[in-house]
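Enquirer: Dropping a structure here in structure tokens format, bear with me for questions.
No lab work stands behind these numbers, since they all come straight from the coordinates. Just so we're clear, the structure is a prediction, and the values are computed from it rather than from any experiment. Cβ: placed from backbone, ideal geometry, glycine included. Neighbour counts: every protein chain shown.
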Amino acid sequence: ILKLQFLYLIVTAVAPAPTMSYAQPGQPQYGYPPQGGPSDPYAAPPPTDPYAAPGPGPVVPMGAPPMAGAWGGIAAARKIVIEQEVSLLEAAADAANCCEACCEMPNVYHIFDENKQEIMVANEESEFCMRCCCNPCHELKLHVKDTQTQQEVMTIDRPCKWGGPCPVWGGCCQHEATATAQGRFLGKTMQPTCGGGCRPALYVGTNETPLDNFFAKIDGPGCCFGGCTEICCDQEFTVSHSDDRSADVGKIIKTTAGAKEVLTDSDHFDLHFTNQSMTPDQKMVLLSSLLLIDYMFFEQNQPFECNPCADAGETCCSITLFEWYCCGCLVPCKLSCTSGGEDE
């Protein structure tokens, strides 16, 4: 009995005595905040029911594209790869130098992320007569679709412009492309007057007047590019915030594809995003700029052309050494051989 009494005295001396308090209006009661009153910031959160239905997800603003699929891939990408699909009919016509204009097929581009996973595909929509008579300056529309859902994520409109050996003096010669997403304006790419001088230039903006207000300027290689140089050298276009060609926004690199460059006009591009603070809209507009560059500078015939049906005195073989660029003019520098055996 004495031991039990002694143990009781020790317990009552150590343990604090319970205090009784009555909650006042506006004060918490039994560990829960009162209705309409402030909560204790240091109080533990109320227990959650693991079997309860999940609440609503984050609210997406009206008109904003969903960050999943192709949009999610472009938002997280530091680099995307664009490969043009090879058209066998077009390649055969170009190689034989026979009816090449009438065999010009609509372009198809496959777009991959840096992990080589295809995220988008772009299909050209254009009229047959426009491709035959005005290629590669013809009017066209590119439908860019999500590879998984087949939903159209971007549309690129490119009007017909004067090209070839004509300098860029006015609006009828200034190449441009407008990108939209399900009717929502994304941005525009436009060529300046004189085309950048001896170096190709394009201005990219998220407005209708990118020449006045742009977030990126694209500068191409100096003076000479294309032709046989595509077989052994990459063609690099810098994307910068200003005219310094610092590539602080990104880079567009047309990589060499070896034999494919010789036999076809199918191209391969890498688009690098240096500035990771760009929005998905801006990255998609840069993608549209890259596709415009392909039509402007790399949709000419392949470096080597042969015409086995040439008559005497006609050109039977020709080699495009490079394309000479000045003020928007794109003039091929060629070596040709006539069927009579005389070199030009």
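Enquirer: List the lysines whose alpha-carbon lies under 16 Å from that of LYS141, not counting same-chain residues fewer than 8 positions away?
Expert: Filter leaves LYS161, LYS188.
Enquirer: Something else: Please give every one of the lysines within straight-line cross-link reach of LYS145, meaning a C-alpha to C-alpha distance under 16 Å, and leave out same-chain neighbours fewer than 8 residues apart.
Expert: LYS283
Enquirer: Using a Förster distance of 30 Å, how high is the FRET efficiency between LEU335 and SER246, based on the Cβ-Cβ distance and rounded to 0.05?
Expert: After rounding, the FRET efficiency stands at 0.20.
Enquirer: Shifting gears a bit: From the alpha carbon gyration tensor of region 195-344, can you work out the equivalent ellipsoid semi-axes (sqrt of 5 times each eigenvalue) and give them in Å, largest to smallest?
Expert: Semi-axes (√(5λ), whole Å): 35, 15, 12.
Enquirer: What's the extension gain from CYS224 to GLU127 if we count 0.36 nm per residue and subtract their Cα-Cα distance?
Expert: Residue separation times 0.36 nm, minus the Cα-Cα distance, leaves 31.8 nm.
Enquirer: Please give the length that would be gained between ASN207 and THR180 if that part of the chain were fully extended, namely 0.36 nm times their separation in residues minus their C-alpha to C-alpha distance (nm, one decimal).
Expert: 8.6 nm
Enquirer: Specify whether the C-alpha gyration tensor of region 113-231 places it in the rounded, prolate or oblate class, a ≥ b ≥ c being the square roots of the eigenvalues: rounded for a/c under 1.5, otherwise prolate if a/b is larger than b/c and oblate if not.
Expert: Rounded.
Enquirer: With a ≥ b ≥ c taken as the square roots of the eigenvalues of the C-alpha gyration tensor of region 160-207, please select rounded if a/c is under 1.5 and otherwise prolate if a/b is larger than b/c or oblate if it is not?
Expert: prolate
Enquirer: If R0 is 51 Å, what FRET efficiency do you get for ALA75 and THR315 from their C-beta distance, rounded to 0.05?
Expert: 0.55
Enquirer: Just check region 122-186 against the gyration tensor rule for me: Cα atoms, a ≥ b ≥ c as the square roots of the eigenvalues, rounded for a/c under 1.5, and otherwise prolate or oblate depending on whether a/b exceeds b/c.
Expert: oblate
Enquirer: Roughly speaking, what is the stretch gain from CYS172 to CYS326, that is 0.36 nm per residue apart minus the C-alpha to C-alpha distance, in nm to one decimal?
Expert: 53.7 nm
Enquirer: Output the direction-averaged projected area (hull surface divided by four) of the convex hull of the alpha-carbon atoms of region 161-240, in nm².
Expert: Average projection, Cα convex hull of region 161-240: 6.4 nm².
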